[in-house]
Structure formats: structure tokens, C-alpha cells
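The values are calculated or read from the model by the stated rules, or taken from the named source; none is laboratory data. The structure presented is a predicted model; accordingly, all values stated were derived computationally and were not measured. Reconstructed Cβ throughout: ideal geometry from the backbone, glycine too, with neighbour counts over all protein chains shown. Quick note on the areas: whole protein, heavy atoms, side chains included, nothing else; ligands and nucleic acids left out. Shrake-Rupley method; radii C 1.70, N 1.55, O 1.52, S 1.80 Å.
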Amino acid sequence: MRPPPSPPLLPLLLLLVLLPSPPAVAAAAGPTSLEALRAAAGRRAASPATQERAAAGVLRRLLPSHALSFRFQIDPKGGVCGDSSCFRISNVDGSSKGGAEILIQGNTAVELASGLHWYLKYWCGVHISWDKTGGAQLASVPSPGSLPRVKGTAVKVERPVPWNYYQNVVTSSYSFVWWDWRRWEKEIDWMALQGINLPLAFTGQEAVWQKVFKSFNVTDRDLDDFFGGPAFLAWARMGNLHAWGGPLSQNWLDQQLALQKKILSRMIELGMVPVLPSFSGNVPVAFKKLFPSASITRLGEWNTVDGNPRWCCTYILDPSDALFIDVGQAFIKQQMKEYGDITSIYNCDTFNENTPPTNEPAYISSLGSAIYQAMSRGNKDAVWLMQGWLFYSDAAFWKESQMKALLHSVPIGKMMVLDLFADVKPIWQTSSQFYGVPYIWCMLHNFGGNIEMYGVLDSISSGPIDVGVGMCMEGIEHNPVVYELMSEMAFRSQKVEVEDWLKSYSYRRYGQSNVEIQKAWAILYHTIYNCTDGIADHNRDYIVEFPDISPSSFSSQYSKGRSISVVRKHPRFLGEVSASLPQPHLWYSTAEAVKSLELFLKAGDDLSESLTYRYDLVDLARQSLSKLANKVYLDAMDSYQMRDSSDLNFHTKKFLEVIMDIETLLASDDNFLLGPWLETAKSLATTEDERKQYEWNARTQVTMWYDDTKTEQSKLHDYANKFWSGLLKSYYHPRASKYFTRLSRSLQENRSFQLEEWRRDWISYSNEWQSGKELYPVKATGDALAISRSLFAKYFR
């Protein structure tokens, strides 16, 4: 779970760095290990012709009308870029009518795509974001034959470092789980345009594991109890749970493996270096019977309400056991058989919340060595990519001696560490920069795929810009301004003046300059996108994470302050569960944010046809109303404490009304609908049983998440909450209504609030909803601008 916040000590960036310590280790390991990694990647790279065709494919899919307007050229021998990674943009002189006008050169297709994006942004005023955040604004591109010329001989842009990392191990469940190849193709294009070249590639691994475990005599029935359901695979892979949401059909396994092969093929064509999974020790329970002498440990429970063995408590094979190397090597070999020799980088997180049985450094070193052996026997060039989360979550165990023993158990340059929560708890500062081991500075900007406008643009823009940028969010498709600036910093060699950059950004995003919009973004820059309180944002607004408490439980403290919150940490899950009245994160003046909304509305007559404008308008109006609802909820609690039934009814009615008004607002934009999430889940099914299972998975992840009893909600309820039309009307509104109805009745009958009765009623409703089949719209209805104006007049004038 997410730890208590502390002030950030580095910008909100994910930084691939080689800043070794002590100096003696640095001199031997720094540049050499990086060069070795680049050399290994180069040996596996697609041919220049293949990469040039791949870059041309990105252009053709993005801007087919200009498919012949650009020429792409790989620079394999460093004639343009030298030893660095770069792109170079120049004019094509003397080309025939309808021919290429702009030449883009670079050392991989990712550089070529990045150069294309750079030219389109800064010469043609283009904006490119995820479709679910408004998509691309391409109307400003001049027609073929009229593209702006580059001044001078050429423009060359170098990366500060060659590697840009992308994804979180749970993004595959919160965002990618229901994607088909068409959606994946768009994502890989987006990655290339943003300059990402070191992405996780975790899709389809269960099909590989099926083949490996069967070679160790594990049966299909054993695997049914081992794999999680589609929406919960990330946590089954990490050994947090088993069987929850499962089993996986053979159709799913085959389908995902075929999809992974397409994903990897495209990544390689574009010159990316995919990060594949490796064996962390997580094994089916059947291993205990098949290998009775093996050292296999049952892990403790993880966020279950009662430790139900149907999904609680997984088994881990000790790395010191010889069987570990056999299984690990078999998995690497099977991946190479399926995909070819495409990468040398593998992710493995054996020790997350799995403390070794002794703190003896020699023993820890032997464990690390065994893990690496399992990789290197499968691939002699293997590099171990490890999350550094364990060094925080179990800091009492991982002291300097133990950290060094693990980190130095692998040859320097053969391990990279993800400082996973460095924006809040940077481990590099307390470990002499991981004692000389290359590490990745990670930012977790989003949790659970929640929808919340949030960011720290100043931190992103101010460096350290000489070592690169990347992204490690749990869920994607939100806050396009944050991700555009963060991606751009991969190619910046000096600080960006954010206010000026935002003027350019708003012009490109909406396709025209607008004074009101510029003023609005100036306010957003200093409010919503200026979070400096050190708290990693997880949306806990009362509409989407309704407090599961009795008002009497905090009555003695409530009058003294409205932010009573006791947090129980669950270190293996990035989040938190409140034991009393939670405090939604608020780091800015809501009054100022409402001023920016008013300016957005004034710009509406000029920008109403822009999909990017509509997305931003709906998002900002949604956030303003949600923060208002937080205050209304607290007013209702005040009324209850004062035993004022009339006032309670007034605020209850207003809270429920705000929910339904947000529902109407969200229904006016395709990107805020529940329907597409459910329909894409069902679209992957080939049988009725699969349809039911996939829809249950999709519904459960965004609501109750995990197991419950008749009177106790899941400990992770609402962790992956969403502001989606359909979800507010059918789930969040009934929940709040049931609660407030019972709250009002308790005042009328002069008795305490019956929390267990509400829980019983609500949990029963939730479980029925999770198993429901009702359809939800997949297309927007209503005029977003008119609805936003009406709601502004209703609530903020």
C-alpha cells in the first residue's frame, strides 16, 4: 500500500541514472555498464530498412494525407548522432511535386518518430494525446507541398541519456487489460512519438507459464487455482493473490500470447527494448506435492477480509533451492522460443514483502546470485530490473549490509533498480545511490487509474534535465498536460519556462490561440498543477470513495477539525485504507480553480468544436463539482452531529443532486463513460461463460475490487474508482442514498446509526451490481458546453 506522504525531494520524473557511489565502483561500472547495455540492445535491433518502414507506418497511421511528405533515415554508424541518441530535422531540397519535404534522421525508429512529433509540434502547431484525453489536434498541419521549412541547415536534438522507461507492473491490469491489437498499435505509436524506448511488455505471460509449469507436471486444474482473472493478473503475478476472478480459459491464454507477439514485433521494429518478465519464485500450490523436498513457503495474507484460502496466500519457491534456477531458466528459454532473442532486460521482484529467513549478508548474496543465475542461464546477456520497493517497505531488515549484499550479488551493470516511490520516499538518498548500481528514479503520478486533475509542472520542467525522463503511473489516459511535458523533457537540455510553454501547449491542444484559455491555464498552473505538499495523489473524493464509517465514531474529534484520518498501511499495495473519516486530497484553492472553469466557459463559443477542449472542460467542471460535493458531505456530517434533521436532509439532497449532475456532465463526453470499459471486456469473449466472467472482472475492479463478507466491505473497495457516467448513477448514487436514508432515520428514531445494517444492505447491492448485465451507453449524449454552463450557474454563481 502507499506509505504516508513526505515532501518530494526530486522533480516528478522517472530518471534513468548512473550516478554511482562509492567512486571506486563508479569508475569501473558507470559508463561501461551503460555501453554494454546499449551494445546488447543494438545486436538485437531491427535492420535500418525495417525501422525506417516502421517510422513511416507511424506517420501513415497518424497523418495519412502526409505519408509522402516526410523521409526517414536511420543513422546506424553515428554519422549524425555520434555516440549519443538523437534526431535531426532538415529540409529536402529539389524534391518533385508530391514528394518528401522534410528529412528526419536518427539512430532508431523511436528517434525518427520523436523527430516527427517534434516537427509537427513546433513547426505545425500539432498536439498528440491519448484518444481518451481528447486525441490528436492535426487540423493545423498545412497541406502537402506547403510544410514549413526548417531555418538554417538543420535542427539536431540529442537525448541526455538513451533510455526512457515506461509503465508500472499494474498498468497492464488497470489500463491495458481489455485492449485488442488495434488499441495496442495506437499505444505503441504514441510511445514512439513520445520517445519511449524501454517499455514493460507483460502481456500474455500466462500462456508461457502454462507451458513451463506443465513441463514440471503441473496440471490445468492446478493452474486454474493459480492464475488470477483478467482484471487481476498483475497481483497474481506478484504473488498477492491467486484464483481471484479466474480461471483463465485456453482462449484467453492463446489470444493474449498472439497479441503479445504482435506487440513485441512492433516494439522491435521501432527500435524499442522491451522489458520481459522473469521468475520471481511464485509457484502453484501443487509444487509442494510434486517437489516435497523443495523449500517452498506459504506467504501471509494480502488484503483479504478473512484470509479465505480460495484466493489468499500464495506460495514462493526459495531462490536458494536448486529448483528455482531450473524453473527460472525454463521460463526465459520458453520466452525466447516464443518471441526470439529480442531483449536482455528482465523484471524480477522476489523479495517484495518476502523477507529472507536470515539477515546474514552471505546468505542474501547467495539468493541474489541464484536469481540472476536463473536469468543468465536462459540469456547470457540478461540484465535484472528490480523494484526497490522492498528497501522502504521492510526498511528494518534492509540495512546497508543487507542492501549491499543483494545489490552486489550481481555483476555491476547486470542489475538496474527501480526507485519506485522516489517522489515521496527516495531510497537513493539513503543508500549512497544504491551503492553504485544503476537505478531508475520513478514517479507514481496515478494510483488505480483514478480520474483526478493533478500534477507538479514546475518540478517536471526544472530537471535534472541532463539525465532523462519517463513515466511509471498505475493507470494512463488522464492529465495530458503532465505527460506531454514529461515526455518532452527527455529531449530538453535546459529548464522550460512553464507559463510560456503552456501558452504554446494550449494553442497546439485546441488548434488556435485564445486569451481566456491562456488565462485559465495560468491559473491551473499555479493551482491544480502545482501540488507541493508531498502527497502522492489518489482520488478519495467522497462521491467515489464513500466513507465506510459511522458518524458517531469520530464525533468527539470531528468538531475540532474536518480531516481526521487514521491510515493502516498495506505495504504490498500502493494505496491506503482509512480507519476513520478520510481526508480527500486538496492542495489548491478551489475558488481559483473555479475561476479557471469560468474562463474555459467564456472560450466555449470559439472552441466548442474541439474534442480536446471538450475533454478539458468536462474534466475541470467534474473536478470542481466533486470538490464541492466533499464540502456538502462534511456539512451533512455537521448537521448530524448537531442533531439537525432538517439541515441534514437539505445537505443530503444536495449531495445526491451533485452526483446526478456530474453524471449528466460526464455523459456528454465519450471519454467519461462506463460502457466502453464493459463492452471492450465482453468483446474479447468467445463464449457466454467468458462474457459473464470478463464483465464481472471489469465491474469488480472499479468497485469492490476484492473479497468481502455480508457485513465487511473489501479492504480495497474503491481503490480503482472512476468518474464515469453510468457508474455514478448506478453505483455511487445508490450507495450514498442508502447511507443517508439510514442516517436520517437514526435521527428521527433517536438511535445510533446502524452501520452494520447499512453495510449489509450496501454490500448485497454491490455484489448484485458486480454480477449484473445491464447495458451502459458507449456514445455521449448532450451538449458538454451547455451542460457545463448550466451547472456553473447552478453551483458557482
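Overview of results
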| quantity | calculated |
| --- | --- |
| Region 212-267: number of residues that are among the basic types (Lys, Arg) and surrounded by fewer than 17 Cβ atoms within 10 Å (Cβ to Cβ) | 4 |
| Those residues of region 761-777 which are within 28 Å of the chain's Cα centre (by Cα), among the hydroxyl-bearing types (Ser, Thr, Tyr) and assigned to a helix (DSSP H, G or I), in sequence order | Ser766 |
| Residues satisfying the stated conditions in region 477-490, i.e. part of a loop (DSSP other than H, G, I, E, B), open to solvent by less than 10 Å² (accessible area, probe 1.4 Å) and not polar (S, T, N, Q) | His478 |
| Sole residue being in contact with a Leu (Cβ under 7 Å, 6 or more places away or on another chain), surrounded by 21 or more Cβ atoms within 10 Å (Cβ to Cβ) and modelled with pLDDT under 95, chosen from Phe391, Phe421 | Phe421 |
| Positions within region 634-647 being assigned to a helix (DSSP H, G or I) and surrounded by fewer than 23 Cβ atoms within 10 Å (Cβ to Cβ), in sequence order | Leu634, Asp635, Met637, Asp638, Ser639, Gln641, Ser645, Ser646, Asp647 |
| Exclusive hit being at pLDDT 95 or above and crowded, with 17+ Cβ neighbours inside 10 Å, set Ser790, Ser771, Ser766 | Ser766 |
| Criterion (assigned by the TED database to the domain that holds Asp93, over 28 Å from the mean Cα position of the chain (by Cα), in contact (Cβ under 8 Å) with a residue 24 or more places away in the chain and not in a strand (DSSP E or B)) met by exactly one of Ser129, Ser140 | Ser140 |
| Region 394-409, residues that are under 17 Å from Pro438 (Cα atoms) and either assigned to a loop (DSSP other than H, G, I, E, B) or open to solvent by 50 Å² or more (accessible area, probe 1.4 Å) (or both) | Glu400, Lys404, His408, Ser409 |
| Options Thr358, Thr304: the member that is farther than 20 Å from Pro274 by Cβ, crowded, with 20+ Cβ neighbours inside 10 Å and of a type in the set (S, T, N, Q) | Thr304 |
| Residue match in region 516-538 (condition: closer than 30 Å to Arg759 by Cβ, at pLDDT 95 or above and assigned to a loop (DSSP other than H, G, I, E, B)) | no |
| Matching residues, region 50-76, being in a loop (DSSP other than H, G, I, E, B), open to solvent by 30 Å² or more (accessible area, probe 1.4 Å) and under 22 Å from Phe491 (Cβ atoms) | Pro76 |
| Residues located in region 577-629, provided they are part of a loop (DSSP other than H, G, I, E, B), in contact with a helix residue (DSSP H, G or I) (Cβ under 7 Å, 6 or more places away or on another chain) and farther than 30 Å from Ser553 by Cβ | Ala603, Ser608, Ser610 |
| Single condition Ser493 does not satisfy, out of (1) surrounded by fewer than 23 Cβ atoms within 10 Å (Cβ to Cβ); (2) in a helix (DSSP H, G or I); (3) small (Gly, Ala, Ser); (4) modelled with pLDDT under 95 | (2) |
| Residue identified as surrounded by fewer than 19 Cβ atoms within 10 Å (Cβ to Cβ), more than 27 Å from the chain's Cα centre (by Cα), of a type in the set (A, V, I, L, M, F, W, C) and within 21 Å of Asn282 (Cα to Cα) among Ala370, Ala322, Ala374 | Ala322 |
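Quick grid of which residues meet (1) touching a Phe, Trp or Tyr at 6+ places or on another chain (Cβ under 7 Å); (2) over 18 Å from Ala201 (Cα atoms):
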site: Asp225; (1), (2): no, yes
site: Gly239; (1), (2): no, yes
site: Gly245; (1), (2): yes, yes
site: Leu259; (1), (2): yes, no
site: Ser265; (1), (2): no, no
site: Leu270; (1), (2): no, no
site: Phe287; (1), (2): yes, yes
